[in-house]
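Shown next, in structure tokens, is the structure this report addresses.
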Amino acid sequence: NAMARSISRIADEEFAEADITPTQGFIVMTVVKRPGIRAGDIAKEMQLTPSTITRMLDKLEERGFVSRSSEGKSMLVYPTPDAIGAEQRIKTAWGKMYARSTKILGKEKGAALVQDLIRASTMLDQQA
């Protein structure tokens with residue numbers, strides 16, 4: 001829908017400076033915060049399919065942001081020094097995206113929108 005495209009456009013523009021996509025940025029920050037996280041847990045947290053996460057992890061591994069190791073049936077994901085170094089650039093991109101969105105919407109409307117989206121997502125998940 002139009003709102004999703006607008007948000008995606010702003011996110012893509014702000015993350016271009018960090019040379020990473022918003023989704024990749026979220027994965028990198030998650031892995032930095034939780035070294036050794038299972039790839040399946042990343043998929044659940046992001047509400048994406050395991051195959052999508054595998055493709056994204058392939059790209060992040062190629063770029064030197066993560067490393068993976070198998071433990072039984074699980075794939076564990078670890079940050080590399082490059083990921084740790086990129087963390088501040090990613091946080092800056094999130095901050096710029098938030099600032100730009102709140103400048104357009106206003107702080108109160110922006111916060112209300114986020115809360116409404118979280119509530120709607122929760123309600124939809126409960127019905128699934």
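The values are calculated or read from the model by the stated rules, or taken from the named source; none is laboratory data. Note that the coordinates shown come from a computational prediction; the quantities given were computed from them, not determined experimentally. Because the Cβ atoms are built from the backbone with ideal geometry, glycine has one as well, and the counts that use them run over all protein chains shown. Keep in mind that these areas ignore ligands, DNA and RNA; they rest on the heavy atoms of the full protein, side chains included. Shrake-Rupley method; radii C 1.70, N 1.55, O 1.52, S 1.80 Å.
Straight-line reach from K107: which lysines have a Cα under 20 Å away, not including same-chain ones fewer than 8 places off?
Correct list for K107: K91, K96.
For the chain, find the longest principal axis of its Cα atoms and tell me its angle to the long axis of helix 81-105, 0 to 90°, nearest 10.
The two axes meet at around 10 degrees.
What is the gain in length, in nm to one decimal, between S51 and I104 on full extension, counting 0.36 nm per residue of separation less the C-alpha to C-alpha distance?
The span from S51 to I104 would gain 15.5 nm if fully extended.
Quick one: if the Förster radius is 22 Å, what FRET efficiency do A120 and A2 give, using the C-beta to C-beta distance and rounding to 0.05?
Once the sixth-power term is evaluated, E becomes 0.85.
Modelled label-to-label distance, D19 and E62, 7 Å Cα→beta-carbon offset: nm?
1.6 nm
On average, how much accessible surface per residue is there in the chain, in Å², for a 1.4 Å probe, leaving out ligands, DNA and RNA?
66 Å²
Rounded to a whole number, what % of the accessible area of the chain do carbon and sulfur atoms account for, probe 1.4 Å?
The C+S portion of the solvent-accessible surface of the chain is 57 percent.
Can you classify the range 10-124 as rounded, prolate or oblate using the Cα gyration tensor, where a ≥ b ≥ c are the square roots of its eigenvalues, rounded means a/c under 1.5, and otherwise it's prolate if a/b beats b/c and oblate if not?
Here the range 10-124 falls in the oblate category.
Projecting each Cα onto the charge dipole of the chain (Lys/Arg +1, Asp/Glu -1 at the beta carbon, about the Cα centre), which of L105, L76, A18 comes out farthest on the positive side?
Positive-most Cα among the choices belongs to L105.
Output the 0 to 90 degree angle, nearest 10, between the alpha-carbon long axis of helix 107-127 and the longest principal axis computed from the alpha carbons of the chain.
60 degrees
What is the helix-to-structure angle for 50-62, meaning the angle in degrees between its Cα long axis and the longest Cα principal axis of the chain, kept from 0 to 90 and rounded to the nearest 10?
70 degrees
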